[in-house]
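Q: Take this structure, written in structure tokens, and hold onto it; I'll ask about it next.
The values are calculated or read from the model by the stated rules, or taken from the named source; none is laboratory data. Fair warning: this is a prediction, and the values are worked out from it, not measured in the lab. Reconstructed Cβ throughout: ideal geometry from the backbone, glycine too, with neighbour counts over all protein chains shown.
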Amino acid sequence: MRAVRTVGGEFRVVEVDDPIGDGVVVEVASAGICGSDLHMAGFGLANTFGHEVAGRLADGTEVAIRPTLACGTCDRCAAGAEQQCRAMALYGLAMDGGMADRILVDPACLVPLADGVPVGDACLVEPIAVSVHAVQVADVQPGQRVLVVGGGSIGLTAVAAACHVGAEVDLSARHAHQVEAGERLGAGTAASGEYDVVIEAAGTESALVAAIDHARPGGTVSIPAVYWEGIAIPNVMSMFLKEVSLRPSSMYGCSGRHGPDVREVDEAAALLAAVPELSEAVITHRFSLDDAPEAFRVAADRSAGAIKVVLEP
């Protein structure tokens, strides 16, 4: 079967064996390109890429895939914080991912979809879950002022997640097409004044500076962004004087608003069903699996209009 892997630091479509072993085989219908995939191109990974995945089971059931596989036995899993699992494994990194014709996953990683949600859009469940968790970590409440910094897929899904909670949301984004997408999702597009919560979804030093500057005294900055090159905090005195809380947010677990036993990936799947304009606002390009190298080139060029680029085997 076909699979996307890196060869000499470049993304290529290669032929690999069909997946076998314990688990469930999913016929992939859609796989999103994440910013982390772009960053990992030069890591020399031997596995198939792709952790934003949806597809069909052998009986035709359509599902999204939670790409995180927690051990279930460590102290953090026992505490209900499986996103902090000490032995976390990730499809698309430690194990073969879903940029392929098929993927083999643990049954616990299957996420049911609501009726009417196209499986071609359901690869968004994973990035939506990241944003659901970021909103939960910040304890966003109805009526609060929330600013999202960054107009990529995490920023825009964070807009949708915060709006769904009932917050008043603004978006600070770099590119015009990102601003337009934010408006479609209900965000104001001019940051003004102070905010109860700022969600930093850009992953740059300037974005974190802006987030701290816009947080009110005693406010919270939720950080689902990843700082690949490390970061300094030039306005640390402002953070200190205002007693701003920085709350890193990693992946997703079972700490959602509907109880400790409800997975945030399931909340994400429900949000995708509840906000049908989300996929139209966020997915800007679709490519066949054979065109993966071009898809990655487009995904890397945010200024040209790309937000979420999806591969469809």
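Q: Residues in the stretch 45-59: is at least one within 21 Å of Asp261 (Cβ to Cβ), among the charged types (D, E, K, R) and in the same structural domain as Asp261 (by TED's automatic domain parsing)?
A: Checking the stretch 45-59: not a single residue is within 21 Å of Asp261 (Cβ to Cβ), among the charged types (D, E, K, R) and in the same structural domain as Asp261 (by TED's automatic domain parsing).
Q: Would you check if Ser153 is hydroxyl-bearing (Ser, Thr, Tyr), closer than 27 Å to Gly92 by Cβ, out of contact with any Cys (no Cβ under 7 Å at 6 or more places or on another chain) and surrounded by 22 or more Cβ atoms within 10 Å (Cβ to Cβ)? Working first, answer last.
A: On the way: hydroxyl-bearing (Ser, Thr, Tyr): yes; closer than 27 Å to Gly92 by Cβ: yes; out of contact with any Cys (no Cβ under 7 Å at 6 or more places or on another chain): yes; surrounded by 22 or more Cβ atoms within 10 Å (Cβ to Cβ): yes.
Judged against the criteria, Ser153 is a match.
Q: Related question: I'd like the full set of residues that are touching a Phe, Trp or Tyr at 6+ places or on another chain (Cβ under 9 Å) and modelled with pLDDT under 95, limited to the stretch 93-110.
A: Leu93 - this is the single residue of the stretch 93-110 that is touching a Phe, Trp or Tyr at 6+ places or on another chain (Cβ under 9 Å) and modelled with pLDDT under 95.
Q: If I filter the stretch 69-81 for residues that are touching a residue at least 60 places away in the same chain (Cβ under 8 Å) and under 23 Å from Ala273 (Cβ atoms), do I get at least one hit?
A: Looking for residues that are touching a residue at least 60 places away in the same chain (Cβ under 8 Å) and under 23 Å from Ala273 (Cβ atoms), one finds none in the stretch 69-81, hence no.
Q: Let me ask something additional. Within 26 Å of Ala207 (Cβ to Cβ), among the small types (Gly, Ala, Ser) and crowded, with 16+ Cβ neighbours inside 10 Å: which single residue out of Ala281, Ala292 fits that description?
A: Among Ala281, Ala292, only Ala281 is within 26 Å of Ala207 (Cβ to Cβ), among the small types (Gly, Ala, Ser) and crowded, with 16+ Cβ neighbours inside 10 Å.
Q: At least 2 residues that are touching a strand residue (DSSP E or B) at 6+ places or on another chain (Cβ under 7 Å) and surrounded by 23 or more Cβ atoms within 10 Å (Cβ to Cβ) in each: list the strands (runs of 3 or more DSSP E) lying fully within the stretch 1-101 that qualify.
A: Values: elements: 2-7, 10-15, 24-32, 52-56, 62-65.
Output list reads 2-7, 24-32, 52-56, 62-65.
Q: Could you check the stretch 261-295 and list, in sequence order, the residues that are among the hydrophobic types (A, V, I, L, M, F, W, C) and modelled with pLDDT under 95? Give the steps one after another, and end with the answer.
A: First, the residues of the stretch 261-295 that are among the hydrophobic types (A, V, I, L, M, F, W, C): 262, 265, 268-275, 278, 281-283, 287, 289, 292, 295.
Of everything in the stretch 261-295, just one residue is among the hydrophobic types (A, V, I, L, M, F, W, C) and modelled with pLDDT under 95, namely Val262.
Q: Return the only residue of Ala191, Ala181 being among the aliphatic types (A, V, I, L, M), assigned to a helix (DSSP H, G or I), touching a residue at least 40 places away in the same chain (Cβ under 8 Å) and touching a Leu at 6+ places or on another chain (Cβ under 7 Å). Spell out how you get there, then give the answer.
A: Values: Ala191 fails: assigned to a helix (DSSP H, G or I).
The unique qualifying residue is Ala181.
Q: Among (1) under 16 Å from the mean Cα position of the chain (by Cα); (2) assigned to a helix (DSSP H, G or I); (3) under 23 Å from Gly193 (Cβ atoms), there is one condition Gly151 misses while meeting the rest; what is its number?
A: (2)
Q: Next up: Condition (residue is in contact with a Leu (Cβ under 9 Å, 6 or more places away or on another chain), basic (Lys, Arg) and modelled with pLDDT of 95 or more) applied to the stretch 211-223: is it met by at least one residue? Working first, answer last.
A: Initial filter on the stretch 211-223 (in contact with a Leu (Cβ under 9 Å, 6 or more places away or on another chain)): 211-212, 214-215, 217, 220-223.
Now restrict to residues that are basic (Lys, Arg): none.
Within the stretch 211-223, not a single residue is in contact with a Leu (Cβ under 9 Å, 6 or more places away or on another chain), basic (Lys, Arg) and modelled with pLDDT of 95 or more.
Table: residues versus (1) of a type in the set (Lys, Arg); (2) in contact with a His (Cβ under 8 Å, 6 or more places away or on another chain); (3) assigned to a helix (DSSP H, G or I); (4) surrounded by fewer than 24 Cβ atoms within 10 Å (Cβ to Cβ).
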{"site": "Gly120", "(1), (2), (3), (4)": "no, no, no, yes"}
{"site": "Leu147", "(1), (2), (3), (4)": "no, yes, no, no"}
{"site": "Gly186", "(1), (2), (3), (4)": "no, no, no, yes"}
{"site": "Asp196", "(1), (2), (3), (4)": "no, no, no, yes"}
{"site": "Ser206", "(1), (2), (3), (4)": "no, no, yes, yes"}
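Q: Are there any pairs with C-beta distances below 8 angstrom linking a residue in the stretch 3-32 that is within 16 Å of Val310 (Cβ to Cβ) to a residue that is of a type in the set (Asp, Glu) and buried (at least 18 other Cβ atoms within 10 Å of the Cβ), with the two at least 6 apart or on different chains, and if so which?
A: Sorted first by the residue in the stretch 3-32, then by its partner, the pairs are Ala29/Glu62; Ser30/Asp121; Ala31/Glu52; Gly32/Glu52; Gly32/Glu126.
Q: So which of Val132, Val179 ends up being under 22 Å from Val226 (Cα atoms), among the β-branched types (Val, Ile, Thr) and surrounded by 24 or more Cβ atoms within 10 Å (Cβ to Cβ)? Break it down into steps so the answer makes sense when it comes.
A: Numbers: Val179 fails: surrounded by 24 or more Cβ atoms within 10 Å (Cβ to Cβ).
Going through Val132, Val179 in turn, just one is under 22 Å from Val226 (Cα atoms), among the β-branched types (Val, Ile, Thr) and surrounded by 24 or more Cβ atoms within 10 Å (Cβ to Cβ): Val132.
Q: Also: Given the conditions (1) over 22 Å from Val262 (Cβ atoms); (2) within 16 Å of the chain's Cα centre (by Cα); (3) touching a residue at least 60 places away in the same chain (Cβ under 8 Å), report the number of the one that Gly92 does not fulfil.
A: (3)
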